[in-house]
Amino acid sequence: MRLDDGTLFQVGMSTARRDEQLRRFRRLLLFIFLSVLLIGLAGGIMLTWSALAPVRTLTETARAIMRTGRTDTRVPVMDRKDALGALSVQVNAMLERIDAVVAGMRGALDNVAHDLRTPMARLRGTSETALASDDPALWREALGESLEESDTVIEMLDTLLDISE
């Protein structure tokens, strides 16, 4: 049959031929769908992997700090404008603060050790002097001084305990 514009129109296409074309169309559609799905999945994996790179870096740095105890390690900051960059900056600031606190504690402990050594050395010196003598008056004086020095040490230790609380 001819249409008005002269093109041929086939009215009676066979059912077998139409079914074959439908099968080809379905296979093609399935192939296209699976291809798009696979490409989308691969693209999603790649985007996720690259987006999580700063998180992995932060995690690895934290793990290294925990493993080595070295708080002088810093997290690399890639972009200060995004949330992960801001988090990296905050983690680095926290590590700086921890370093300052640890340095302060070391200094305080050094001072405390020095302050405790002095009365303990006097206590020991007084005791050794008294033991080397046969004079009971010197023993009595050494015991009195030893009590004073031990009170000084106890007072320092109480102060330390108050500070630690």
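The values are calculated or read from the model by the stated rules, or taken from the named source; none is laboratory data. Bear in mind that the values here come from a model prediction, so they are computed numbers and not experimental data. Accessible surface is based on the protein model in full, side chains and every heavy atom, while ligands, DNA and RNA are left aside. Shrake-Rupley method; radii C 1.70, N 1.55, O 1.52, S 1.80 Å.
For R74, indicate whether it is open to solvent by 50 Å² or more (accessible area, probe 1.4 Å) and at pLDDT 85 or above. Judged against the criteria, R74 is a match. Criterion first (part of a helix (DSSP H, G or I) and open to solvent by less than 60 Å² (accessible area, probe 1.4 Å)) does A121 satisfy it? Judged against the criteria, A121 is not a match.
Would you check which residues across the stretch 124-138 are open to solvent by 50 Å² or more (accessible area, probe 1.4 Å) and in a helix (DSSP H, G or I) and list them? Lay out the reasoning, then the answer.
Within the stretch 124-138, the first condition is being open to solvent by 50 Å² or more (accessible area, probe 1.4 Å), and the residues that meet it are 124, 128-129, 131-132, 134-138.
Hits for the stretch 124-138 are R124, E128, T129, L131, A132, P136, A137, L138.
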